[in-house]
Amino acid sequence: MKIENEQENKAVITSRDIINGKSFISYVYYDEDGDWQFFDGETIKEQDAAVISIQQILTLDTSLRNLPEMEIDTCVTRNSVGDTWQIG
């Protein structure tokens with residue numbers, strides 16, 4: 001699945017730090033339920049998680065449009081904002 005093929009209003013999970021610009025997305029997981037998770041690689045507490053739409057996450061980080069085609073239960077990572085996404 002390519003992220004831009006998702007419905008714009010589909011809910012995704014991320015963290016408040018990413019939404020507030022305090023950290024960048026370094027880990028993307030397309031989980032076993034077909035849901036998207038976007039995190040900074042740090043362990044977060046449940047109260048720090050947030051639900052926003054595909055449209056909102058793509059606005060926060062336009063480089064997500066460069067994500068590779070992803071299968072269910074696949075993750076990609078990167079070390080910095082400018083890095084290429086790596087599967088696994």
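Each value in this text was obtained by applying a stated rule to the coordinates, not by laboratory testing. Remember, it's a predicted structure, so these values are computed and weren't measured experimentally. As a convention, Cβ positions derive from the backbone with ideal geometry for all residues, glycine included, and neighbour counts pool all protein chains shown.
Points to keep in mind about this one:
- Flag for V81 being of a type outside the set (K, R), in contact (Cβ under 8 Å) with a residue 40 or more places away in the chain and crowded, with 17+ Cβ neighbours inside 10 Å: no
- Tally of residues being surrounded by 16 or more Cβ atoms within 10 Å (Cβ to Cβ), touching a helix residue (DSSP H, G or I) at 6+ places or on another chain (Cβ under 8 Å) and closer than 24 Å to D73 by Cβ across segment 8-23: 4
- Tally, over segment 24-60, of residues that are of a type outside the set (A, V, I, L, M) and under 14 Å from T77 (Cβ atoms): 11
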